[in-house]
Amino acid sequence: QKVSVEVLDHLEHLALVDFRDSEGVERLQKAIQFADQLHEVNTDGVEPMDSVLEDRWCLYLRDDDVTEGNCTKELMENAREKVEEYFVAPPGNIPLPKLEERETFLQGS
């Protein structure tokens, strides 16, 4: 099954992954085919799990003991960009191509 331009665009924006070449689109299609196998699994009568630890009723956590603190100034010195006392993350790590550019890669796959 082919991946539409709209789906590709949506996935790129969600995952910040570049599917700009035919190899990327082919990998995505293979991943979708692999995941589609899950639809064939019969899950009737299987209760959903909230943990992979089936035999435990609760998860034991260690105490959270603060050993250092008051180092905001030193931490903020590591920020490339900041607003007040917050790190500013970039909007994305890849430049996304226009929809017209992507159609050529989808047609070739």
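The values are calculated or read from the model by the stated rules, or taken from the named source; none is laboratory data. None of these values were measured; they are calculated from a predicted model. No Cβ is skipped: glycine too gets one built from the backbone with ideal geometry, and neighbour counts run over all protein chains shown. Just so you know, the surface numbers come from the protein's heavy atoms only, side chains and all, with ligands and any DNA or RNA stripped out. Shrake-Rupley method; radii C 1.70, N 1.55, O 1.52, S 1.80 Å.
Structural remarks
- Sparse-neighbourhood loop sites, chymotrypsin sites (Phe, Trp or Tyr not before Pro) in region 1-93 - DSSP loop, at most 16 other Cβ within 10 angstrom: 57, 60
- Whole-number accessible area per residue in Å² for region 1-53, which is evaluated in the context of all protein chains at 1.4 Å: 83
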